[in-house]
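Notes for the one structure printed next.
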Amino acid sequence: APGGPNDYVYVIVQPVGWEPITQLIGRPELAEDPDWATPEARLDKLDKMFQLIEEWSVHHGKHDVLAMLNKHNIPCGPILSTQEIIGDESLRANDMVVDVPHPERGEFTTVGMPIKLSDSPADVQRSPLLGEHNKDIYVQELGVAEAELDELAANGVI
């Protein structure tokens, strides 16, 4: 609820979580029903199982569903919009979302480095402007003379 394009929760139904899920969705009898009680029994009913979960979850907000599932240690996660990702305090606190200065756009928000290594910290930077490193590449790496580089630029080659 309320049913927007990002109002989804990813739920993993593990054996230990089945009974709490049946309680949450208001179908406690399914925990002991031989047609539903084991993962093998539910295998050919996965669509129906997720339909039952969805029929319960549509009456609750995304974050309420997460809280109820987390209370029972049921693996789950939210589907977040870009706005939710940018505004998520925990993602910012862990540098998963960072602000980067840009000479033309000003400061903008982007994805940080997901892998954290204590001896190799990552410095997330903006991408280069078009042609920003031409001199470094053409002159220093390829050995093009600066005068020739200026001529190439003047003729619109680069």
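Here are the numbers for this structure:
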quantity: Test: residue in the stretch 112-125 that is among the hydrophobic types (A, V, I, L, M, F, W, C) and surrounded by 14 or more Cβ atoms within 10 Å (Cβ to Cβ); calculated: yes
quantity: Residue selected from the stretch 77-102 under the condition touching a residue at least 24 places away in the same chain (Cβ under 8 Å), among the hydrophobic types (A, V, I, L, M, F, W, C) and assigned to a loop (DSSP other than H, G, I, E, B), by the criterion surrounded by the most Cβ atoms within 10 Å (Cβ to Cβ); calculated: L80
quantity: Meets criteria (farther than 22 Å from N6 by Cα, without any contact (Cβ under 8 Å) to a residue 60 or more places away in the chain and part of a loop (DSSP other than H, G, I, E, B)) for P20; calculated: no
quantity: Some residue of the stretch 128-144 being surrounded by 12 or more Cβ atoms within 10 Å (Cβ to Cβ) and touching a Lys or Arg at 6+ places or on another chain (Cβ under 8 Å); calculated: no
quantity: Filter result for H63 (open to solvent by 90 Å² or more (accessible area, probe 1.4 Å), within 30 Å of I21 (Cα to Cα) and assigned to a helix (DSSP H, G or I)); calculated: yes
quantity: Of the criteria (1) among the basic types (K, R); (2) surrounded by fewer than 12 Cβ atoms within 10 Å (Cβ to Cβ); (3) in a helix (DSSP H, G or I), which one R105 fails; calculated: (3)
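The values are calculated or read from the model by the stated rules, or taken from the named source; none is laboratory data. Computed from a predicted model, the values in this text were never measured in an experiment. When we count neighbours, we look across all protein chains shown, and the Cβ atoms used for this are built from the backbone with ideal geometry, even at glycine. What goes into the accessible areas is simple: the full protein's heavy atoms, side chains included, and nothing from ligands, DNA or RNA. Shrake-Rupley method; radii C 1.70, N 1.55, O 1.52, S 1.80 Å.
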